[in-house]
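The values are calculated or read from the model by the stated rules, or taken from the named source; none is laboratory data. Bear in mind that the values here come from a model prediction, so they are computed numbers and not experimental data. Counting neighbours? That spans all protein chains shown, and the Cβs are built from the backbone with ideal geometry, glycine included. Keep in mind that these areas ignore ligands, DNA and RNA; they rest on the heavy atoms of the full protein, side chains included. Shrake-Rupley method; radii C 1.70, N 1.55, O 1.52, S 1.80 Å.
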Amino acid sequence: MHEQPVRPVLVVIAHGSRDPRHAATVHALVRRVRSLRPGLRVETGFLEFNIPSVRGVLESLAAEGVRDVVALPLLLTRAFHAKADIPAVLRDAPRRLNIRQAEVLGPSPLLLSALERRLYEAGLTPADKSSTGVVLASAGSTDPEAIAVIADIAREWRHTGWCAVRPAFASAALPRTEDAVRELRELGCERVAVAPYVLAPGFLPDRIARGAAQADVLADVLGAAPEVARLLLRRYEEQVAAARVPLAGRAAVSA
């Protein structure tokens, strides 16, 4: 009887925050991922503020004799952390580890489904879509690629039946949430909802919430939504499939 090959360990890489709600939400999401795939080993590491650190997780895995790792950035867009911070940490990992960096989570239809789930949980119904304007409120970024992706998602989401969808940003870019709410009011939408396009609570999500003061509905963060958990597993499987191509030495750290 042939032994089944050992599946690479999934290491979920979160940014980390001084706000304890952030780590609690990340851990809740990882628990949901584990419940969906009981046989898969899933570990969590943080870039800063929280423990365990990504470096510490990778060193522990190497000490155990683990060889293959899929590192999955818990990020919605390919901004600085995905392009620079995370690859730098992975390059410094123990040499015995073969590490592949999975793609960030967004964009994905599963995230749009999660956003709608949160809006319905906040009180909307599918029948409200045509009369409701939605603010797609993200944390913001100085990376033009990340900003463009948010604008593209807003345009795509509008085509699913909402009165209108406008992007907004809590930092580094405009418009702010409150300005997008005002614009949708002026556009004539019967009601205005704010959908935070963020994974966990923290400083910038709190700023989004303050900007939603004049909206009719404020949805919760994406958090441990089942669609987000399924998306993590999808990104993992995509990278495992890509890894069937033989690794070229330490060049295994790739996006």
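Summary table below
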{"read-out": "Shape metrics for the chain, restricted to C-alpha atoms - Rg then Dmax, Å", "value": "19.2, 69"}
{"read-out": "Max mean-square fluctuation residue, GNM over the chain, Cα-Cα springs under 10 Å, options Phe169, Phe46, Phe203", "value": "Phe203"}
{"read-out": "Angle between the chain longest axis and helix 226-242 axis [Cα atoms, degrees, rounded to 10]", "value": "40 degrees"}
{"read-out": "Solvent-accessible area per residue for the stretch 1-52 (1.4 angstrom probe, square angstrom)", "value": "63 Å²"}
{"read-out": "222 nm mean residue ellipticity, helices alone, for the chain (DSSP H n ≥ 4; -39,500 (n - 2.57); rounded to 500)", "value": "-12000 deg cm²/dmol"}
{"read-out": "Charge dipole (debye, nearest 20) of the chain; +1 at Cβ of Lys and Arg, -1 at Cβ of Asp and Glu", "value": "600 debye"}
{"read-out": "GNM top mover of Ala200, Ala63, Ala243 - the chain, alpha-carbon springs below 10 Å", "value": "Ala63"}
{"read-out": "Highest-MSF residue in the chain out of Ala23, Ala122, Ala193 [GNM, Cα springs under 10 Å]", "value": "Ala122"}
{"read-out": "Gain on full stretching of the segment that runs from Ser60 to Glu190 - 0.36 nm per residue minus C-alpha separation", "value": "41.4 nm"}
{"read-out": "Angle in degrees between helix 54-64 and the longest Cα principal axis of the chain, rounded to the nearest 10", "value": "30 degrees"}
{"read-out": "Acute angle (nearest 10 degrees) that the helix 109-121 long axis makes with the longest principal axis of the chain, alpha-carbon atoms", "value": "50 degrees"}
{"read-out": "Ordering of 211-222, 102-113 by burial proxy (mean other Cβ atoms within 10 Å per residue, highest first)", "value": "211-222, 102-113"}
{"read-out": "Rounded percent of accessible protein surface that carbon and sulfur make up, the stretch 1-76, 1.4 Å probe", "value": "53 percent"}
{"read-out": "Thr160-Ile51 FRET efficiency (beta carbon distance; Förster radius 30 Å; 0.05 resolution)", "value": "0.15"}
{"read-out": "Cα-centred dipole magnitude for the stretch 1-91, charges only on beta-carbon of K, R (+1) and D, E (-1), debye, nearest 20", "value": "300 debye"}
{"read-out": "For the stretch 1-69 versus the stretch 174-191, the gap between their alpha-carbon centres in whole angstrom", "value": "39 Å"}
{"read-out": "Heavy-atom surface of the stretch 101-151, accessible at 1.4 Å and reported per residue (Å²)", "value": "36 Å²"}
{"read-out": "Options Gly65, Gly123, Val30, ranked by Cα towards positive dipole end of the stretch 1-132, top entry (Cβ charges)", "value": "Gly65"}
